[in-house]
Amino acid sequence: MTHTEQLGVSTAHTDGSSAGRWAGSPQPSSAEQWLARAREVSDILIVDAVDRDRANLTPHAEVRLLKDSGLVTLLGPVAHGGGGQSWETAYQVIRVVARGDGSIGQLLGYHYLWAWAARLVATAEQIAAVEELYTRNNFLFGGAVNPRDSDLSVREDGEELVFSGHKSFSTGGEVADLTVLEGVLDGTDTHIFAIVPTSQPGIVFGGDWDNLGQRLTESGSVEIRQVRVPWSDAAGFVDKVFQPLVYNTLNVPAIQLVFTNFYLGITQGALETAAEYTRSSTRAWPYGGDNKERATDEWYLLEGYGQLRSKLWADEAIADRAGAEISRVLHEPREDLSPRRRGEIAVLIAAAKLRAIEDGLETTSKIYEFTGARASANTVGLDIFWRNLRTHSLHDPAAYKKREVGQYVLLNEVPEPSWYT
């Protein structure tokens, strides 16, 4: 059996709960229709997001929802049943889904990045095979690629490569059908990416993801034990030699903007949920000397929500600008990208990410002041937004993003590509 055939037999988890929701409905064909589909998914997720977060169960049903809605194949080729959409649309879809559940927005965003990994580094033949495979089968990607851990070791065994090692984080975990592996070939400094079926004896998940937030992302540890991959499936290698392009390094700015958009979605969800609580449950303060009948007449609440919403609109605008910029180069011929252009886009994304983090953390904390003491009840669940944003925004230090923007402003320098820039 070939490696591609092995990938093809991986089966998706399903409980059938959303199987009939879009049955008989045509697949969306425009960006606007895909965003409307994402809003449907978001509205479903937000209803019981707090209860599901508390339960901290593996998100099989949530992934089934993403698949049944068609969102998993949004970027896939139309010829294979995919949406054929741009990254500009994908970023907005991530934001919309995260508004309903930050964890599921992250899963979807990481999937889009790893589904694009072949285009980032692979050969034309490999790209065609991977995109047909995941699109036709409606497969979800995960990734065992955590640069803060030691690289997986990769050894040659004839015409095969054997991956082994440990990763502390592997977002997607056991709900992913396909897993992206990255390691260093023994005795060299050559990094190798490969896509493998998740369901195999050599991939063993620790089941140890139990963090403050983003609890349904299946981001726990994984052991990679003698996972074999044909040399021909080493992404981007021709006759065992890698063919480098500046385009290969777009993986980091692309995923940093994934982060930015699910941060913005989490903030949207927080603001909308808090505003609805204020309209329905918050009481006016009766000791101010200018007493109001309704909380919605309180000047400080009107001012407060106005401040938070105006910041979020501004943050969305810079994120959309960054999304349009990187989408353009992601869809252009790979050979056209220059180091300078790549660096300028990375700086813009760094700026967008900074604003999403700082304004998002302010919003997810400040909403308590605008909803009142009773809104701190666990049954209300406003804490989920701050916990989700605080957890993932620690992924890499925001201070280094500030420095990247500052170096561009003062020194006209763009960051050198690394695992985090």
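The values are calculated or read from the model by the stated rules, or taken from the named source; none is laboratory data. Since we're looking at a predicted model, the values are computed, not measured. Here the Cβ is made from the backbone with ideal geometry for all residues, glycine too, and neighbour counts use every protein chain on show. To get the accessible areas, we keep the full protein, side chains included, count just its heavy atoms, and leave off ligands, DNA and RNA. Shrake-Rupley method; radii C 1.70, N 1.55, O 1.52, S 1.80 Å.
Hey, could you check the stretch 281-311 for residues that are among the polar types (S, T, N, Q) and open to solvent by 70 Å² or more (accessible area, probe 1.4 Å) and say which is modelled with the lowest pLDDT? Going through the qualifying residues, I end up with Asn291. Of the residues making up the stretch 254-265, none is modelled with pLDDT of 95 or more, among the polar types (S, T, N, Q), out of contact with any strand residue (DSSP E or B) (no Cβ under 7 Å at 6 or more places or on another chain) and open to solvent by 30 Å² or more (accessible area, probe 1.4 Å).
Within the stretch 43-77, if we keep just the residues that are closer than 25 Å to Trp209 by Cβ and part of a loop (DSSP other than H, G, I, E, B), the residue that is nearest to the chain's Cα centre (by Cα) turns out to be Pro59. Within the stretch 100-126, being in a loop (DSSP other than H, G, I, E, B) and either over 25 Å from Leu389 (Cα atoms) or of a type in the set (A, V, I, L, M, F, W, C) (or both) holds for Trp116, Ala122, Thr123.
Glu40 falls short on exactly one of the conditions (1) in a helix (DSSP H, G or I); (2) open to solvent by 40 Å² or more (accessible area, probe 1.4 Å); (3) closer than 30 Å to Gln200 by Cα; (4) modelled with pLDDT of 95 or more, and that condition is (3). Annotation note: Cβ proximity below 7 Å between a residue of the stretch 41-57 that is without any contact (Cβ under 8 Å) to a residue 40 or more places away in the chain and farther than 20 Å from Arg21 by Cβ and a residue that is among the acidic types (Asp, Glu) and surrounded by fewer than 19 Cβ atoms within 10 Å (Cβ to Cβ) (sequence gap 6+ or interchain) occurs for no pair.
Of note, Tyr277 satisfies the criterion of being hydroxyl-bearing (Ser, Thr, Tyr), within 29 Å of the chain's Cα centre (by Cα) and assigned to a helix (DSSP H, G or I).
To keep it simple, each residue is scored yes or no on (1) open to solvent by 70 Å² or more (accessible area, probe 1.4 Å); (2) touching a residue at least 60 places away in the same chain (Cβ under 8 Å).
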site	(1), (2)
Pro339	yes, yes
Arg342	no, yes
Thr364	no, yes
Ser376	yes, no
Arg387	no, yes
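Scanning the stretch 346-362 for residues that are open to solvent by 10 Å² or more (accessible area, probe 1.4 Å) and over 30 Å from Val329 (Cα atoms) turns up at least one hit. Kindly check whether there is at least one residue in the stretch 141-155 that is more than 12 Å from the chain's Cα centre (by Cα) and closer than 20 Å to Asn388 by Cα. Yes.
Screening Pro253, Pro244 for residues that are touching a residue at least 12 places away in the same chain (Cβ under 8 Å) and either assigned to a helix (DSSP H, G or I) or out of contact with any Lys or Arg (no Cβ under 9 Å at 6 or more places or on another chain) (or both) leaves exactly one candidate, Pro253.
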